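Report on the structure given below.
The values are calculated or read from the model by the stated rules, or taken from the named source; none is laboratory data. Bear in mind the structure is a predicted one, so any value in this text is a computation, not a measurement. A quick note on method: Cβ atoms are made from the backbone with ideal geometry, for glycine too, and the neighbour counts reach across all protein chains shown. Accessible surface is based on the protein model in full, side chains and every heavy atom, while ligands, DNA and RNA are left aside. Shrake-Rupley method; radii C 1.70, N 1.55, O 1.52, S 1.80 Å.
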Amino acid sequence: MHARSRLPRLQRPLRPSTVLATALASALIASAFVLVAPPGLAADSLLSQGRPAVSYSDEDSTLFPPSAAFDGDTGTRWASAEGHDPEWIRVDLGASATVSRVKLTWEAAYGKSYRVEVSPDGSTWTTAYSTTTGDGGVDDLTLSGTGRYVRMYGTARGTSYGYSLYEMEVYGSTGGTTPTPTPTPTPTPGSPGVPFGSHTIPYASGMLRPTGAQATLDQKVIDYYQRWKAAFVKQNCGNGWYQIISPDADHPYVAEAQGYGMVITATMAGADPDAKKIFDGLVKYVLAHPSSITPGLLAAEQDTACRSVNGGDSATDGDLDVAYGLLLADRQWGSSGTYDYRQLAINHINAIKAGEVNPTTKLMKLGDWSSAGDQYYWISRSSDWMIDHFRAFRKATGDATWDTVRANHQNLIAAQQATYAPNTGLLADFVVDTNTTPKPAPGEVLESANDGRFWWNACRDPWRIGNDAVTSGDAKSLAAARKLNTWIKGKTGGNPNNIAIGYALNGTQISSGSAPAHFAPFAVAAMTDSGSQAWLDALWNKMLNTPFTANDYYSTSVQLQVMITVTGNHWVP
């Protein structure tokens, strides 16, 4: 059973201020508007100044936003999050253009390996220039490409910090007319910063989506969300609270469900005018149900009267999504309203670190109820290995511990796949002995005899691993997702109806039947393989054609989040 049936209790460094960087900045300011074409090149029009810009991440969205690289002012700059590859910044030229030249004016944090890419739609990218020997300063590049969108895609930093540009200037022509420069739009107060369906934060290059018009794909998600909302978003306990009800779990309200609700609701902002109201009601509920062990975390289970039960301690997966949802909300609505989402997120992330990260292995514990010396202390649940969440936590807090947490989980995924599932890539629900030689659970350690198999927890892994693969393009996440995709596509002969409920790690089927929690997550893994378009389409169509079940909170919640990802609507705050 997927529901949790737990047993009784038994500051980031500053960049170096170099003379070189200061001198460069001064020189740039003195010559900010002197535009000289390279020898032999006609002086094409500057197309990018004042155009809308977005980036994969920002070191500080107020001080160093992407718009600062296109404002014509070399006293301002864009800066990415520190210590992370890949990173990108893109500009929307407003119309398709023939691009002849791109000028990158780097701050001290520069790209050693990067590409300049063009795209007609912000989704499919073509490389117009690439280098692995960048040395900072000013890169004035003569190139050839056509597209509405242009981006710098950095794959290797030249320093230990991030990527930072004083200016990114794109030159070319749009058939004799130059789009009128307009300021980067300022969101209307109260409106979402990343409205559902805006697709302003594109995925890594080469990721697939289901066949069909983007607007049609997005509408299918909205339709499914409306059914999910009607079935599971409740106000059953007063107090201005919203709760996600889980009729198929051990208790009517579980932390996992509230986490799902916060992530889904924040993501659907722009499609649902009530998104913020619901989200704030969920926040109020979460704050009213603290863990009895770590008050900064959420108690795992509540009864029909919304009273915490079974000890009132925490569950790791719920807390990870609660913190992630709060970061999404900060990006959507800012943090100056009823709730300071960003500070609440940081508080929750720090509480996760204190109560749910094993201090020795830096792997996720099952919850804050497990402590040194008990039989669960060296056990971790594979569906809690949310790599994109760890990236977001590092960015939000500046705490390098989250880099270690991310790397340790990625290394564990690779080792488990290589050692215990070399032909399938499947992970077990639970991994034991994480302090010595991690291995799949040898039978029941927490929930069932299938704890060491790909069952009702691990069925989410292709989605969780795939989320990081498609958004970051990280090589380890891509390899893990592709291994899962290759196996399941071959195992089923490309027919999603053949995906069973559960497998041993060698690929032997455990149970017959079909459930969205087991087939839908494989669609995210399919996105990572350029040869899997027909397979992805088949999975998408199976999701659309599977009847919605109003008492199956778990499968519908998983499928909805998979649909969000495969349509290009998942993003990392």
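A compact table of results
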quantity: Residue count, region 262-299 (criterion: in a loop (DSSP other than H, G, I, E, B) and among the small types (Gly, Ala, Ser)); calculated: 6
quantity: Search result, residues across region 88-98 that are within 27 Å of VAL470 (Cα to Cα), crowded, with 23+ Cβ neighbours inside 10 Å and not aromatic (Phe, Trp, Tyr); calculated: ILE89, ARG90, VAL91
quantity: Residue check, ALA81 of a type outside the set (Ser, Thr, Tyr), surrounded by 21 or more Cβ atoms within 10 Å (Cβ to Cβ) and within 24 Å of THR133 (Cα to Cα); calculated: yes
quantity: Region 216-253, residues that are in contact with a Phe, Trp or Tyr (Cβ under 9 Å, 6 or more places away or on another chain), of a type in the set (Val, Ile, Thr) and either more than 20 Å from GLN559 (Cβ to Cβ) or open to solvent by 10 Å² or more (accessible area, probe 1.4 Å) (or both); calculated: ILE222, VAL233, ILE245
quantity: Count - residues of region 202-246 that are more than 30 Å from THR127 (Cα to Cα) and of a type in the set (S, T, N, Q); calculated: 7
quantity: Residues of region 516-534 satisfying the condition of being part of a loop (DSSP other than H, G, I, E, B) and open to solvent by 10 Å² or more (accessible area, probe 1.4 Å); calculated: ASP529, SER530, GLY531
quantity: Any hit, region 344-363, residues being assigned to a loop (DSSP other than H, G, I, E, B), among the acidic types (Asp, Glu) and touching a helix residue (DSSP H, G or I) at 6+ places or on another chain (Cβ under 8 Å); calculated: no
quantity: Qualifying residues in region 366-413 (those that are out of contact with any Lys or Arg (no Cβ under 8 Å at 6 or more places or on another chain), part of a helix (DSSP H, G or I) and hydroxyl-bearing (Ser, Thr, Tyr)) - the one most open to solvent (accessible area, probe 1.4 Å); calculated: THR397
quantity: Selection count, region 300-325, where residues are open to solvent by 10 Å² or more (accessible area, probe 1.4 Å) and in a helix (DSSP H, G or I); calculated: 0
quantity: Top-ranked residue in region 332-343 [being under 17 Å from PRO290 (Cα atoms) and over 19 Å from the mean Cα position of the chain (by Cα); ranked as surrounded by the fewest Cβ atoms within 10 Å (Cβ to Cβ)]; calculated: GLN343
